[in-house]
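Presented below is the structure to which this report refers.
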Amino acid sequence: MKIKRINPLLLITLFFICSSFQKLPGPADKKATKETVSLFKSLFELQDKGIMYGHQDDLMYGSTWWYEKERSDTKDFTGDYPAVAGFELGHLELGHERSLDSVSFAQIAEQIKAHYKRGGVITISWHADNPLTMQDPASKSRRQGGTAWDVSSKEVVASILPGGKNHEMFNTWLERLATFFKSLKDDDGTPIPFIFRPYHEHSGSFFWWGTNICTDREYNDLWRYTVRFLRDKNDIHNILYAYNTDRVTSLEQYMRGYPGDDIIDMLSLDMYDRGEVFGKELDTALNFITAEALKRNKLTALSETGGRRGMTDWWSTVLLPTVSKYPVGYVLTWRHAFRPGFIRPGGSSQPFPEDFINFYNSPGTLFLKEIEVVNIYKNK
Ligand code: BMA
């Protein structure tokens, strides 16, 4: 039998690709599944290749349509899905069937699976209700009373930590999260890896876990308790955990609630454009956050952002030039809330401004087709 000769150059190249991949850092969870390790390494590598585009609830609805399988505003507009699909779990903790945005959790699970099969990245946020004030009937009369945005009490985090009066209730909430996470499986039973970004925008004080609403110690304990509950107690090993703040002006401010390298996989930032100074502020923040992330072998993302009101070329003249300067894994823009009958300013029915095409066409950005070929969940 004649044995096919393999080109030695090819072997050498393959060897270097494999060995360089092995040298890449991995997840904080030492028991992470192999697909999760692969996802981490792929994301780490992709940070140098380009910036992935992500969109919240892209697969669930747009402003004029509601849950049509395969549909996506990003695909409608560009012909391709976003590389990163964002999902939201607020109200899962209450045992509801639908989220605070009326999205069915069963359908979220379906779309997570669909995006995983396509080779896309999944990220999950959690606007959990306020476990303390939601029990107070008077909270119902207040705007945002009992919700994630209810910052009327500074005792909330302490009340759910061990020893707190809502600790058992909070365990039930985490148990519901764990059950949902365990249900996220491929057809062959492989747990689907995803990025989880709870207790987000910590540097702001507009959620019950915000910087002036709890102490740094409590915030840190809340994070560590949550990860230990999911990872160690429930043996869930398909999660990459994202630490996240709202706008910050210094690294010290950014790291104030940081739970630790043994818990966190990604250093992410949320920052919306509210005016002229945005470009410069974003530049400064990404500069120190990405440098710190690389130093700690962590992933990076601009996990929520959005354009300036009235600006038509924000994507190509503000966002892209700034994020392109740094190894930012992805940028994600927030949901297009379902508002049938709503006409956008200017009367356009398009889901994105024209300029989004320039962002899409840029060699610096990555949408699904570009990351599909890398096979981010395999062989790493
Ligand atoms: C917020 C808004 C809310 C929504 C929440 C969770 O920023 O879009 O309307 O309920 O995110 O998706």
In Å, what Rg and Dmax follow from the Cα atoms of the range 121-166?
-> 12.2, 41
Set the Förster radius R0 to 25 Å, insert the Cβ-Cβ distance between Arg228 and Arg296 as r into 1/(1 + (r/R0)^6), and round the FRET efficiency to 0.05.
-> 0.80
Taking amide H positions as placed 1.01 Å from N in the peptide plane, with prolines and chain starts having none, which residues 5 or more places from Leu366, or on another chain, fall under 5 Å of its amide H?
-> Ile51, Met52, Tyr53
Over the Cα atoms of the range 207-252 the radius of gyration and the largest Cα-Cα distance (Dmax), both in Å, equal 12.8, 37
The range 23-79: spread of alpha-carbon positions along the three principal axes, whole Å, largest first, is 45, 25, 14
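Roughly what % antiparallel, to the nearest 5, for the DSSP beta bridges in the chain? If you can, show how the numbers build up before the last one.
Working: 3 of 35 bridges.
Counting only bridges with both partners in the chain, antiparallel ones make up about 10 percent.
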Radius, Kirkwood style, for the range 197-274 when every pair of distinct Cα atoms is counted (Å) = 12.9
How high is the FRET efficiency from Thr215 to Ser349, r the C-beta distance, R0 51 Å, rounded to 0.05?
-> 0.60
Tell me what the chain gives for mean residue ellipticity at 222 nm when only DSSP H runs of n ≥ 4 count, each as -39,500 (n - 2.57), the sum divided by the residue total, rounded to 500 deg cm²/dmol.
-> -9500 deg cm²/dmol
Which distance in Å, rounded to a whole number, links the C-alpha centroids of the range 169-245 and the range 77-145?
-> 13
Hey, could you grab the Kirkwood Rh for the range 228-331? Inverse mean 1/r over distinct alpha carbon pairs, Å, one decimal.
-> 14.6
From the phi of every residue in the range 156-169, what ³J(HN,Hα) in whole Hz does the Karplus formula 6.51 cos²θ - 1.76 cosθ + 1.60 yield, where θ is phi - 60° and glycine or proline is x?
-> 4, 4, 4, 6, 9, 6, x, x, x, 6, 9, 4, 5, 4
Glu68 versus Glu97, label points 7 Å from Cα toward the beta carbon: distance in nm?
-> 2.4
How high is the FRET efficiency between Arg142 and Ser104 when r is their beta carbon distance and R₀ equals 22 Å, given to the nearest 0.05?
-> 0.20
The size of the Cβ-based charge dipole (Lys, Arg +1; Asp, Glu -1) of the range 239-282 about the Cα centre, to the nearest 20 debye, is 140
Where is the GNM fluctuation largest for the chain (alpha-carbon springs, 10 angstrom cutoff): Asp273, Asp76, Asp188?
-> Asp188
From the cross-link list Lys75/Lys185; Lys75/Lys113; Lys34/Lys295; Lys49/Lys182; Lys69/Lys378, which pairs have alpha carbons spaced over 21 Å apart?
-> Lys75/Lys185; Lys34/Lys295; Lys49/Lys182; Lys69/Lys378
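Grab the other residues whose beta carbon is less than 13 angstrom from that of Met271, score K and R as +1, D and E as -1, and report the net.
Its environment carries a net charge of -3.
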Pick from Pro327, Pro131, Pro162: which is most flexible by mean-square fluctuation in a GNM of the chain where alpha carbon atoms under 10 Å apart are linked?
-> Pro162
In terms of modelled amide H atoms, which long-range or inter-chain residues lie less than 5 Å from the amide H of Tyr67?
-> Tyr61, Gly62
In µm²/s, what is D for the chain at 25 °C and 0.890 mPa s, where D = kT/(6 pi eta Rh) by Stokes-Einstein and Rh is the Kirkwood radius from Cα pairs?
-> 114
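In the range 36-136, what % of DSSP beta bridges are antiparallel (nearest 5)? Could the numbers behind the result be given before it?
Numbers: 2 of 10 bridges.
Antiparallel bridges: around 20 percent, rounded to the nearest 5.
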Out of every Cα-Cα pair in the range 95-221, what percent are more than 21 Å apart?
-> 47
Considering amide H positions built from the backbone, and no H for Pro or chain starts, which residues 5 or more places from Phe87, or on another chain, come under 5 Å of its amide H?
-> Asp57, Thr123, Ile124, Ser125
Taking N as the number of residues in the range 167-215, the ratio of its alpha carbon radius of gyration to 2.2 N^0.38 Å works out to 1.55
In Å, the Kirkwood estimate of hydrodynamic radius for the range 30-128 over Cα pairs equals 14.6
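No lab work stands behind these numbers, since they all come straight from the coordinates. Because the structure is a prediction, the values reported are computed rather than measured. Cβ: placed from backbone, ideal geometry, glycine included. Neighbour counts: every protein chain shown.
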